[in-house]
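The values are calculated or read from the model by the stated rules, or taken from the named source; none is laboratory data. Here the structure is a predicted model, which is why all the values come from computation and not from measurement. Every residue, glycine as well, gets a Cβ built from its backbone with ideal geometry; the counts of neighbours run over all protein chains shown.
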Amino acid sequence: MRLDKMLAENKLSISFEVFPPKTDTVFESVKHATEEIAKLSPSFVSVTYGAGGGTSKYTLDIAKNIKETYGVPTLAHLTCVSSSRETVKERIQQIKEAGIQNIMALRGDLTPEMENKDRSKWAYRHAIDLIREIKESKEDFCIGGACYPEIHPESKNQDEDIKYLKEKVDAGCSFLTTQMFFDNNLLYNFLYKIRQAGITIPVIPGVMPITNANQVERAIKLSGSFMPQRFKSLVDKFGHNPEAMKQAGIAYATDQIIDLFANGITNVHIYSMNKPDIAQKIQSNLSHIIK
Ligand code: FAD
């Protein structure tokens with residue numbers, strides 16, 4: 001199913017993100033974890049694409065398996081920054097052949113080596129270039145893009161970030177998924193600003209359940225997200241007790257999701273990190289809400 005059609009139904013729902021294995025040796029265990037997540041029948045499952053394309057084959061294997069075996073719509077991520085046009089065109093074709101209708105079109109993160117290179121010769125410098133490539137393929141994909149309620153770390157300011165976001169959307173995005181955030185007010189503020197800028201497509205907020213104290217530092221480093229005091233207190237109090245931290249982290253994420261639903265959001269994407277037990281607990285916390 002195309003995700004733009006699913007989103008147009010305006011039903012309260014949750015979706016999950018999984019990531020593919022980096023090597024053959026863990027393929028079966030990762031596949032099993034993603035299957036357990038698919039069995040929860042979320043509105044869709046997104047499958048990430050390894051930086052530099054290292055896991056591209058597995059992204060498709062996992063996405064295809066979830067779609068064909070469990071009938072759950074899938075969203076295949078694709079990055080472009082370090083790829084040639086031939087490679088990207090080939091990947092688009094492979095996604096089509098796998099029967100996947102939804103592509104998350106991303107630039108990908110810059111590695112330190114890339115940052116010092118002459119970017120003028122790159123086939124793709126921004127996600128918008130990939131979106132144009134997908135559109136040129138004339139295949140009927142539903143395309144998603146990433147957005148950043150707390151500004152992309154490379155942007156000078158929010159106005160500039162939103163200006164490029166609008167161009168990206170106009171190039172052919174049907175929906176946007178946000179970077180994780182831990183304070184819903186940041187999302188509401190961002191939504192207000194992008195709607196003012198004329199971006200009207202659905203925005204799917206991304207929520208990351210932080211279920212162990214070590215994740216906190218990594219999550220902040222990766223996303224640059226602001227940690228509200230309410231969340232910091234929870235980590236201070238329960239961080240040393242893994243089971244208590246897990247319970248508290250799931251409760252915090254659940255609370256965030258309920259508040260998002262209460263404020264007009266219809267689909268929330270959960271960065272479930274290949275952890276079926278966490279996905280299952282959040283879903284069960286919402287059982288009367290997302291029927
Ligand atoms: P862009 O939209 O290209 O934006 C990157 C920066 O360039 C921003 O500062 C933007 O303002 C600026 N910019 C955009 N267009 C222009 C322009 N025309 N001219 C000048 N500046 C411009 N990474 C992976 O490797 N694999 C994944 O599967 C993956 N999944 C993700 C899913 C989500 C929901 C999110 C939020 C991120 C994901 N990422 C993934 C990380 C992502 O690749 C990085 O955040 C990356 O740094 C930016 O990607 P983008 O597609 O947002 O880039």
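For the range 73-94, residues that are surrounded by fewer than 24 Cβ atoms within 10 Å (Cβ to Cβ), within 10 Å of the ligand (Cβ to nearest atom) and of a type in the set (Val, Ile, Thr) total 1.
Scan the range 69-86 and tell me whether some residue there is under 29 Å from residue 118 (Cα atoms), modelled with pLDDT of 95 or more and basic (Lys, Arg). Looking for residues that are under 29 Å from residue 118 (Cα atoms), modelled with pLDDT of 95 or more and basic (Lys, Arg), one finds at least one in the range 69-86, hence yes. Limited to the range 10-51, what total is found for residues that are in contact with a strand residue (DSSP E or B) (Cβ under 8 Å, 6 or more places away or on another chain), aromatic (Phe, Trp, Tyr) and free of Cβ contacts under 8 Å to residues at least 60 places away in the same chain? Total meeting the criteria: 2. Pairs meeting the criteria (first residue in the range 175-193 and free of Cβ contacts under 8 Å to residues at least 40 places away in the same chain, second residue more than 12 Å from the ligand (Cβ to nearest atom) and in a loop (DSSP other than H, G, I, E, B), beta carbons under 8 Å, at least 6 apart or on different chains) are 176/199; 176/201; 176/202.
Note on the range 281-291: residues that are exposed (fewer than 14 other Cβ atoms within 10 Å of the Cβ) and either assigned to a helix (DSSP H, G or I) or modelled with pLDDT under 95 (or both) total 2. If the condition is being more than 18 Å from the chain's Cα centre (by Cα), of a type outside the set (Lys, Arg) and in a loop (DSSP other than H, G, I, E, B), then the range 13-39 contributes only 23. Taking the listed residues 6, 104, 1, the one that is under 19 Å from residue 146 (Cα atoms) and away from the ligand (no atom under 16 Å from the Cβ) is 6, with no other qualifying. Just so you know, in the range 107-135 the residues that are touching a Lys or Arg at 6+ places or on another chain (Cβ under 6 Å) and more than 19 Å from residue 169 (Cα to Cα) include one that is farthest from the ligand (Cβ to nearest atom), and it is 123.
Count of the range 1-26 residues, restricted to those that are touching a helix residue (DSSP H, G or I) at 6+ places or on another chain (Cβ under 7 Å) and under 13 Å from residue 63 (Cα atoms), is 4. Checked against (1) in contact with a Leu (Cβ under 9 Å, 6 or more places away or on another chain); (2) within 16 Å of the ligand (Cβ to nearest atom); (3) aliphatic (A, V, I, L, M); (4) over 16 Å from residue 276 (Cβ atoms), residue 47 passes all but a single condition, namely (4).
Being small (Gly, Ala, Ser) and at pLDDT 95 or above is the filter here, so list the residues in the range 109-136 that pass it. Please lay out each step first, then the result.
Just the residues of the range 109-136 that are small (Gly, Ala, Ser), to begin with: 120, 123, 127.
If the condition is that a residue be small (Gly, Ala, Ser) and at pLDDT 95 or above, then 127 is the only one that fits.
Can you spot a residue in the range 60-72 that is exposed (fewer than 14 other Cβ atoms within 10 Å of the Cβ), more than 18 Å from residue 274 (Cα to Cα), out of contact with any Gly (no Cβ under 8 Å at 6 or more places or on another chain) and free of Cβ contacts under 8 Å to residues at least 12 places away in the same chain?
Yes: the range 60-72 contains one or more residues that are exposed (fewer than 14 other Cβ atoms within 10 Å of the Cβ), more than 18 Å from residue 274 (Cα to Cα), out of contact with any Gly (no Cβ under 8 Å at 6 or more places or on another chain) and free of Cβ contacts under 8 Å to residues at least 12 places away in the same chain.
Every test in (1) in contact with a Leu (Cβ under 8 Å, 6 or more places away or on another chain); (2) of a type in the set (Val, Ile, Thr); (3) more than 17 Å from residue 263 (Cβ to Cβ) is passed by residue 177 save one, and that test is (1). Scanning the range 154-211 for residues that are under 21 Å from residue 283 (Cα atoms) and within 13 Å of the ligand (Cβ to nearest atom) yields 177, 178, 179, 180, 181, 203, 204, 205, 206, 207, 208. Taken over the range 146-196, the criterion of being surrounded by fewer than 16 Cβ atoms within 10 Å (Cβ to Cβ) and either closer than 23 Å to residue 103 by Cβ or of a type in the set (S, T, N, Q) (or both) is satisfied by 154, 155, 157, 164, 166, 167, 170, 185, 189, 196.
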